[in-house]
């Protein structure tokens with residue numbers, strides 16, 4: 001799909017991978033709406049790319065529906081939707097003190113990372129399937145890209161909630177692509193490794209250095225703009241459908 005001239009929606013766009021994605025799509029000529037629970041952050045990103053920034057709670061059907069409606073009014077129907085909104089929370093199944101994992105914490109991670117992704121994806125897809133076909137030779141109406149993590153298959157000690165949420169995002173990729181295939185809407189997923197985002201910036205130097213030691217080539221953390229470039233590549237390549245693409249520099253997570 002050609003990016004230039006079409007509308008795009010990016011969740012989690014106030015910072016990190018979402019912000020880099022919004023910039024990458026805008027640079028490619030898309031009209032971008034940035035969605036984030038942090039409305040000021042969404043607007044700040046949008047102002048840098050001549051886009052639209054809106055507050056949106058991805059866990060709320062009403063909030064997502066209203067944001068997509070306002071995005072359509074401003075930029076026209078979105079042909080591209082990229083889900084980057086997500087959180088990290090640590091905790092073992094049974095803690096060192098013998099207490100079970102906090103169920104509220106586990107539920108919150110699943111609700112935001114997995115249910116929130118599905119909520120935005122399903123509503124964006126519902127709008128895409130009714131759009132005119134862009135390609136006279138084969139159906140092409142839209143592209144949805146979700147964000148998982150290499151933790152989906154290599155979750156470390158203390159990552160049970162995060163790994164479960166991202167495993168769900170990865171697992172829904174193929175069935176969602178199959179569901180939407182006859183309508184000409186593609187669904188793909190990126191599973192990033194270690195990227196230098198606000199989630200990582202709060203780490204101590206010792207933990208940061210230890211993570212870098214696990215990387216191979218390039219021997220560093222990924223840069224958010226490299227994630228944005230992968231989003232562009234998936235959108236522009238019509239054969240990228242139903243797959244989870246690792247973006248990790250050959251990193252494989254150890255148990256801890």
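Taking the criterion of being assigned to a helix (DSSP H, G or I) and surrounded by fewer than 18 Cβ atoms within 10 Å (Cβ to Cβ), the residues of the range 102-117 that qualify are 103, 104, 105, 107, 108, 110, 111, 115.
Do the conditions hold for residue 73, that is, is it over 25 Å from residue 1 (Cα atoms) and modelled with pLDDT of 95 or more?
no
Counting only helices (runs of 4 or more DSSP H) that fall entirely inside the range 168-256 and contain at least 2 residues that are surrounded by 14 or more Cβ atoms within 10 Å (Cβ to Cβ) and touching a helix residue (DSSP H, G or I) at 6+ places or on another chain (Cβ under 6 Å), the qualifying elements are 224-236.
Summed over the range 182-195, the residues that are more than 14 Å from residue 144 (Cα to Cα) and under 15 Å from the mean Cα position of the chain (by Cα) give a count of 5.
The values are calculated or read from the model by the stated rules, or taken from the named source; none is laboratory data. Small disclaimer: the values here were computed from a predicted structure and weren't measured. Backbone-built Cβ (ideal geometry, glycine too); neighbour counts: all protein chains shown.
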